[in-house]
Amino acid sequence: MSAESTPGPGIPGDTGTDGARHRGKGKRRKPQRRRKGLMITAWTAAGIVVVGGAGAGYLYFKLNGNLKSVDIDQALGTDRPKKADNGSENILVLGSDTRAGSNKKLGGGTDDGSARSDTAMIVHIYKGHQKASVVSIPRDTLIDRPACTDTQGNEHPAAQNAMFNSAYSTGGAACAVKTVESITDLRMDHYLEVDFAGFQKLIDDLGGVEITTTKSIDDPDSHLKLKAGTHTLDGKQALGLVRTRHGVGDGSDLGRIQLQQAFIKALVNQIKDVGVFSNPKKLLDLAETATKTVTADSDLGSVNKLASFANGLKGISPSNMHMITMPVAYDPADPNRVLLQKKKADQIWKALENDRPIPKSATSGSATGEAKGVVTAP
């Protein structure tokens, strides 16, 4: 697989790394109008579908026809962690980074025929659906990728010291889920994938997203150039922001993750005030784009199911989202790669397994990317 490297200095960190874990077993809207989505575009899409799906029959069938789904359960079979019985849920959200078709000229990069998952997040919804923890997984983490079978039935052998995002490029959604479950020993109850060409259009349909930068950003690779200050980002700029590395922090993928997390909070804040309720055309445009942008697991692969799922999450606000990055250290042998800090990561997986808050000790001393605070929600 050909993938962009993550340049970064060799920063000392925890040396207890071993790749994959082997499994042994804004303004406030009135409450009745408050609709939030899941995370990044997927959260936006789901919230919009809640409203759009309740309109007319023709709209339902039109939107339902846009949705794509993958049968993760069939591809992975029964060799998986058990489902939690404590009322919590885990969702794997991936950003699809293929360079084919309309994606070819977006966000930099070349069309090498591969598909990547530059953005990967485990979203843990706590019992009661009032709080969430989000764990970003660095794409350049070296892991032991398990053998897996993709949704077409093709088998892919295991690989050692492989980049995390090679799981998706090797075997698609099923292999990505299998890899995450092998690292965490947590069952992924749902899967959502966001196409980044659709992400750009969705931000434009929303009318842009307002953010504040505390430093200037200039990254020719992601085509983003912003002066310090407050900006309303259009779709192209927003895509550049969530993909930029070289113009911020230490130039690593870890810095990019910090920018993504800040943008997500700004986006979720803005969803409450997009003004679609009094503008049917804008609502339809958003619903059209959102349902074309998201691929879901088969359990969420219809407008009704996605809408019902999203409606159950409407109580989660940005202040109730705890966002962290999986603890890693730069690889002393290759500063373009990072290694899992297993002991710290295990604290995270155990907390989520038991539906508890993630302890601060789980992320202290981890490599960060040095881009925290560069982007904030206004």
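Of all residues assigned to region 96-114, at least one qualifies as being under 30 Å from P357 (Cα atoms) and either modelled with pLDDT under 95 or not in a helix (DSSP H, G or I) (or both). Quick check on my filter: what residues within region 292-314 are charged (D, E, K, R) and either under 19 Å from S69 (Cβ atoms) or open to solvent by less than 30 Å² (accessible area, probe 1.4 Å) (or both)? Scanning region 292-314 gives K292, D297, D299, K305. Restricting the first member to region 199-214 and to residues that are farther than 19 Å from G247 by Cβ and of a type outside the set (A, V, I, L, M, F, W, C), and the second to residues that are assigned to a strand (DSSP E or B) and open to solvent by 10 Å² or more (accessible area, probe 1.4 Å), the beta-carbon pairs closer than 9 Å and six or more apart or on different chains are G207/T232; G208/H231; G208/T232; E210/T230; E210/H231; E210/T232.
Of all residues in region 227-255, those that are farther than 16 Å from G208 by Cα have Cβ atoms under 6 Å from Cβ atoms of residues that are at pLDDT 85 or above and assigned to a strand (DSSP E or B), 6 or more apart or on another chain, in A228/T213; T244/D219; T244/L224; H246/D219; G247/I217; G247/D218; G247/D219; V248/I217. Regarding P357, is this residue under 22 Å from D140 (Cβ atoms) and not hydroxyl-bearing (S, T, Y)? No. Within region 181-199, the set of residues being at pLDDT 90 or above and part of a helix (DSSP H, G or I) comprises E181, S182, I183, T184.
When we screen A333, A345 for residues that are closer than 21 Å to D144 by Cβ, out of contact with any His (no Cβ under 6 Å at 6 or more places or on another chain) and open to solvent by 70 Å² or more (accessible area, probe 1.4 Å), the only hit is A333. Checking each residue in region 351-373 for being touching a helix residue (DSSP H, G or I) at 6+ places or on another chain (Cβ under 7 Å) and open to solvent by less than 10 Å² (accessible area, probe 1.4 Å) picks out A362, G369, A371. Could you look through region 181-208, keep only residues that are of a type in the set (D, E) and more than 20 Å from P138 (Cα to Cα), and pick out the one that is surrounded by the most Cβ atoms within 10 Å (Cβ to Cβ)? It comes out as D205. On the basis of being open to solvent by 10 Å² or more (accessible area, probe 1.4 Å) and more than 18 Å from the chain's Cα centre (by Cα), does S317 make the cut? For S317, the condition - open to solvent by 10 Å² or more (accessible area, probe 1.4 Å) and more than 18 Å from the chain's Cα centre (by Cα) - is not met. Reported count of residues in region 136-180, each being part of a loop (DSSP other than H, G, I, E, B) and open to solvent by less than 10 Å² (accessible area, probe 1.4 Å), is 6. Restricting region 196-242 to residues that are among the charged types (D, E, K, R) and touching a strand residue (DSSP E or B) at 6+ places or on another chain (Cβ under 7 Å), the residue that is farthest from A287 (Cα to Cα) is D218. Selection of region 245-259 for residues being open to solvent by less than 10 Å² (accessible area, probe 1.4 Å) and of a type outside the set (V, I, T) yields G251, S252, D253, L254, G255, R256, L259. Report whether or not T289 is farther than 18 Å from H190 by Cβ, surrounded by fewer than 20 Cβ atoms within 10 Å (Cβ to Cβ) and modelled with pLDDT of 85 or more. So T289 does not fit the description; no.
When the residues of region 210-260 are filtered to those that are among the β-branched types (V, I, T) and more than 20 Å from A120 (Cβ to Cβ), which remaining residue is modelled with the lowest pLDDT? Among those that are among the β-branched types (V, I, T) and more than 20 Å from A120 (Cβ to Cβ), it is I217.
The values are calculated or read from the model by the stated rules, or taken from the named source; none is laboratory data. Remember, predicted model here, so these are calculated numbers, not experimental data. Here Cβ is always computed from backbone atoms with ideal geometry, including for glycine, and neighbour counts include all displayed protein chains. Please note that ligands, DNA and RNA were not included when accessible areas were found on the heavy atoms of the full protein model with its side chains. Shrake-Rupley method; radii C 1.70, N 1.55, O 1.52, S 1.80 Å.
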